[in-house]
Amino acid sequence: MSLSPLLSVLRTDPAFARLAEGGTSTLDVSGPPGLRPFAIAAVAAARRPVLAITATERESQDLVTSLGSLLPPEQVVDFPAWETLPHERLSPRADTVGRRLAVLRRLSHPDPTDPTTGPISVVVAPVRSVLQPQVVGLGDLEPVVLRVGDTVDFDDVVRALAGIAYSRVDMV
């Protein structure tokens, strides 16, 4: 259910109007947990990108769900934390790495013609995901896209995958 009409009602409140106008690059807003989605949506609706940092992964997922009823759901994304700690010498899950790369790609190179790769209004991230090290330029990696019915040169695909750190092996 879309609750986006509530945002126009909230803009009549002077406090929300000041919040949406902002005037600074960072905002620190305190309020009850139920207010958070509305405050974030008010700032994002004013065409200001928002990085909302939560304490836990669960809070992050809940906030993404709440914001999805106030803003277009495809403009609200979750930036997940790795399931591993840096000292564990384990790799994070492939889907987590992929989701993080997709968010970074959308931030660096949004495609306005496709809602799934278009501009982002709100990135919701648990604090662990923000603290984890990142390599500069990850958002500039060109994804390899293969679609049913396309004809592509096999060697070109192998070179493109090798260019983004895949290794060619005989058996998987």
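The values are calculated or read from the model by the stated rules, or taken from the named source; none is laboratory data. All of these numbers come straight from a predicted model, not from anything done at the bench. Note that we place each Cβ from the backbone using ideal geometry, even for glycine, and neighbour counts take in every protein chain shown. Quick note on the areas: whole protein, heavy atoms, side chains included, nothing else; ligands and nucleic acids left out. Shrake-Rupley method; radii C 1.70, N 1.55, O 1.52, S 1.80 Å.
Pick from Val77, Val135, Val145: which is modelled with pLDDT of 90 or more and either in a strand (DSSP E or B) or open to solvent by 60 Å² or more (accessible area, probe 1.4 Å) (or both)? Walk me through it before giving the result.
Numbers: Val135 fails: modelled with pLDDT of 90 or more; Val145 fails: modelled with pLDDT of 90 or more.
Answer to the check: Val77.
From the list Val97, Val127, the lone residue that is surrounded by fewer than 18 Cβ atoms within 10 Å (Cβ to Cβ), more than 25 Å from Ser4 (Cβ to Cβ) and touching a strand residue (DSSP E or B) at 6+ places or on another chain (Cβ under 6 Å) is Val127.
Sub-6 Å Cβ pairs linking a first residue in region 128-151 that is within 13 Å of Leu101 (Cβ to Cβ) to a second residue that is assigned to a helix (DSSP H, G or I) and open to solvent by 70 Å² or more (accessible area, probe 1.4 Å), at least 6 apart or interchain, are Gly139/Leu107, ordered by first then second residue.
Of the numbered criteria (1) in a helix (DSSP H, G or I); (2) among the basic types (Lys, Arg); (3) more than 24 Å from Arg36 (Cβ to Cβ); (4) open to solvent by 60 Å² or more (accessible area, probe 1.4 Å), the one Arg105 fails is (4). What about Pro115, is it more than 19 Å from Gly137 (Cα to Cα), touching an Asp or Glu at 6+ places or on another chain (Cβ under 7 Å) and open to solvent by 40 Å² or more (accessible area, probe 1.4 Å)? Yes, satisfied.
Going through Thr84, Thr54 one at a time, which residue ends up being open to solvent by less than 70 Å² (accessible area, probe 1.4 Å) and in contact with a helix residue (DSSP H, G or I) (Cβ under 9 Å, 6 or more places away or on another chain)? Outline the logic, then answer.
Values: Thr84 fails: in contact with a helix residue (DSSP H, G or I) (Cβ under 9 Å, 6 or more places away or on another chain).
After applying the criteria, what remains is Thr54.
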